[in-house]
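Here, each number is a calculation from the coordinates, and none is a lab measurement. The shown structure was predicted, so the numbers you read here are calculated from the model rather than taken from an experiment. Quick reminder, even Gly has a Cβ in these numbers, built from the backbone with ideal geometry, and neighbours come from all protein chains shown.
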Amino acid sequence: MALFGRQARHERHERRGTPFTALVVGLGNPGREYAGTRHNVGFDAIELLATRYNVLLKPSKDRALTAEVHNQDVHILLAMPTTYMNESGNAVGPLARKYAITDPAKIIVVHDELDLEPGVVRVKIGGGLAGHNGLRSINQHLKTQDFIRVRIGVGKPSTKEDGADHVLSKVSGSQRQTLDISVQIAADAVQLICTQGVDAAMQSINSK
């Protein structure tokens, strides 16, 4: 299934050099006040991947920090939207169009997941949005839910009313250590997807 529907026919972009095999997006909120929160684990994974690939994330015109990775057979674009979480699609949509990424299977979104316990990471293709505002925004701009998700468990709050406080609160101590390990696993998952395919990544990561 191609992205963007009919609109894509009118927005073709000429790209020079090696084409990207994937757009890898981490979700979060910009600003120091959100650093270290559960909602920003997607950002943490992208920053870790940038370190692993020895690239620098830089501001772009597409409302995101981006870095190009060209490493042997891996040619990916790392991105962290500079929008707030609920407007993530305002960055992801334009980036996908700009870099001619028309297959949702080539878009990998790393995000926090309330329905998974802390320490659990799962790889998933498409599916529901589970009330996640970042995923909802991306769906609205891509016109599909069939992109790949790398889901980092952050656990559920005690009540639904505490949901915002739960994901936007900073985490410390043993919980932070658990999330840090999850971020490493999520980065591993992205690298597996990019080198061995999503089925191999699901078999490896989802069995843990």
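Test of understanding: extend the Cα→C-beta vector of ASN54 to 7 Å, then name every residue of the stretch 68-89 with backbone N under 13 Å from that spot.
70-72
Using amide H atoms built 1.01 Å from N in the peptide plane, name the residues 5+ places from PHE147, or on other chains, whose amide H lies under 5 Å from its own.
GLY126
Which value in nm describes the separation of the simple spin-label points at GLN145 and ALA100, placed 7 Å from the Cα toward the beta carbon?
Each label point is offset 7 Å from its Cα along the Cβ direction, giving 3.1 nm.
How big is the stretch 19-205 in terms of Cα radius of gyration and Dmax, in angstroms?
Over the stretch 19-205's Cα set, Rg and Dmax evaluate to 15.0, 47 Å.
Say the cut-off is 32 Å between C-alpha atoms; which of LYS98/LYS156; LYS61/LYS156; LYS98/LYS124 go over it?
Result: LYS98/LYS156; LYS61/LYS156 exceed 32 Å.
So how strong a dipole does the chain carry about its Cα centre when Lys and Arg Cβ are +1 and Asp and Glu Cβ are -1, to the nearest 20 debye?
That gives the chain a dipole magnitude of about 580 debye.
Using the Karplus curve 6.51 cos²θ - 1.76 cosθ + 1.60 with θ = phi - 60°, work out ³J(HN,Hα) for each residue of the stretch 67-75 in order, rounded to whole Hz, and write x for Gly and Pro.
8, 8, 10, 10, 9, 6, 8, 9, 10
Along the charge dipole of the chain, which of THR102, LEU56, ALA45 sits closest to the positive end, that is, farthest toward it, with unit charges on the beta carbon of Lys, Arg, Asp and Glu (+1, +1, -1, -1)?
Final value for the positive-end residue is THR102.
Among residues other than VAL55 whose Cβ falls under 13 Å from its Cβ, what is the net charge (Lys/Arg +1, Asp/Glu -1)?
0
Starting from the exponent 0.38 and prefactor 2.2 Å, build the expected Rg for the stretch 98-208 from its residue count and divide its actual Cα Rg by it. Before the final figure, lay out the partial values.
Details: Rg = 14.5 Å, N = 111, 2.2 N^0.38 = 13.2 Å.
Dividing the Cα Rg of the stretch 98-208 by 2.2 N^0.38 Å gives 1.10.
Ranked highest first by average number of other Cβ atoms within 10 Å, how do 53-65, 87-99 line up?
87-99, 53-65
Work out, step by step, the length gained on full extension between ASN86 and ASP115: first 0.36 nm times the residue separation, then minus their alpha carbon distance; give nm to one decimal.
Stretched out fully, the ASN86 to ASP115 stretch lengthens by 8.6 nm.
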